[in-house]
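Report on one structure; see the data block that follows.
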Amino acid sequence: MGKILSKYDIHIHGLEDKRYTFEFEGGNTFFEAFEQTLITKGSFNAIVKLNKNSSLVQLDFEITGSVELTCDRSLELFDEPIHIFERFIYKYGDRHEEITDEIEMIPYGTPTINIAQHIYDFIAVSIPMKRLHPRFRDEEIDEEGLLLYSTDKETVEEKEQEIDPRWAALNKLRMNN
């Protein structure tokens, strides 16, 4: 597993303070290396623009590709296209600490950063919550299948008449206020 993800290492220690562009590709073995069930198959191309200066390393990700998902309605497999633009910042400090979801502190002199987890996280977050096969996405909603809720005034009054007499005294107090 470490060998598969080591392809996503960026050696930042010897880099000058300027902009760099890196290109990474991944497929099924990339997703299998994370030992999870959300994404098992797919492929992507990631262009990472690195901007390094004395206080931080800024990474701008552009990820394109597709992942194989299972439709929630029909259980068919389909390819979901992905096109993602994200930013991640490594800030230099005296220790290793995750400051926010987009900013992480790394010690001065850190030789290498691995961006595999970032790529996976960006792809995983971009997957829609409701995974529908593309042929179901353009369907109009069938109005017969919708549930409508309404409250009739008569129904509310009937329920008020059915109040347990033990609570009636308390209900009168509430009505007076």
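The values are calculated or read from the model by the stated rules, or taken from the named source; none is laboratory data. Quick caveat: nothing in here was measured; it's all calculated off a predicted structure. Cβ sites come from the backbone with ideal geometry, for glycine too, and all protein chains shown count toward neighbours.
Sort out for me the strands (runs of 3 or more DSSP E) sitting completely within region 68-162 that have 1 or more residues that are more than 20 Å from ILE47 (Cβ to Cβ), modelled with pLDDT of 90 or more and of a type in the set (Gly, Ala, Ser).
77-93
Residues checked against (1) touching a Leu at 6+ places or on another chain (Cβ under 8 Å); (2) surrounded by 15 or more Cβ atoms within 10 Å (Cβ to Cβ); (3) outside the structural domain of HIS11 (by TED's automatic domain parsing):
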| site | (1), (2), (3) |
| --- | --- |
| GLU68 | yes, yes, no |
| ASP72 | yes, no, no |
| PHE78 | yes, yes, no |
| TYR90 | yes, yes, no |
| ILE123 | no, yes, no |
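Give all pairs with beta carbons closer than 6 Å in which a residue from region 108-121 that is buried (at least 19 other Cβ atoms within 10 Å of the Cβ) and of a type in the set (Val, Ile, Thr) meets a residue that is at pLDDT below 95 and part of a helix (DSSP H, G or I); count only pairs at least 6 apart in sequence or on separate chains.
Once the first residue is buried (at least 19 other Cβ atoms within 10 Å of the Cβ) and of a type in the set (Val, Ile, Thr) and sits in region 108-121, its partners that are at pLDDT below 95 and part of a helix (DSSP H, G or I) give ILE115/TYR8.
If I go through region 1-38 residue by residue, how many of them are at pLDDT below 90, part of a loop (DSSP other than H, G, I, E, B) and either of a type in the set (A, V, I, L, M) or not assigned by TED's automatic domain parsing to the domain that holds LYS52 (or both)?
Qualifying residue count, region 1-38: 3.
Inside region 36-58, can you point out the residues that are surrounded by fewer than 18 Cβ atoms within 10 Å (Cβ to Cβ) and touching a Ser or Thr at 6+ places or on another chain (Cβ under 8 Å)?
SER43, ASN45, ILE47, LYS49
Which of the residues belonging to region 93-104 are surrounded by fewer than 17 Cβ atoms within 10 Å (Cβ to Cβ) and either on the phi > 0 side of the Ramachandran plot or not basic (Lys, Arg) (or both)?
Once the filter is applied, which keeps residues that are surrounded by fewer than 17 Cβ atoms within 10 Å (Cβ to Cβ) and either on the phi > 0 side of the Ramachandran plot or not basic (Lys, Arg) (or both), region 93-104 yields GLY93, ASP94, HIS96, GLU97, GLU98, ILE99, THR100, ASP101, GLU102, ILE103.
Of the numbered conditions (1) within 22 Å of ARG137 (Cβ to Cβ); (2) modelled with pLDDT under 95, THR64 satisfies every one except a single condition; which is it?
It fails just one condition, (2).
Among the residues of region 8-31, how many are surrounded by 13 or more Cβ atoms within 10 Å (Cβ to Cβ) and in contact (Cβ under 8 Å) with a residue 24 or more places away in the chain?
Adding up the residues that qualify gives 10.
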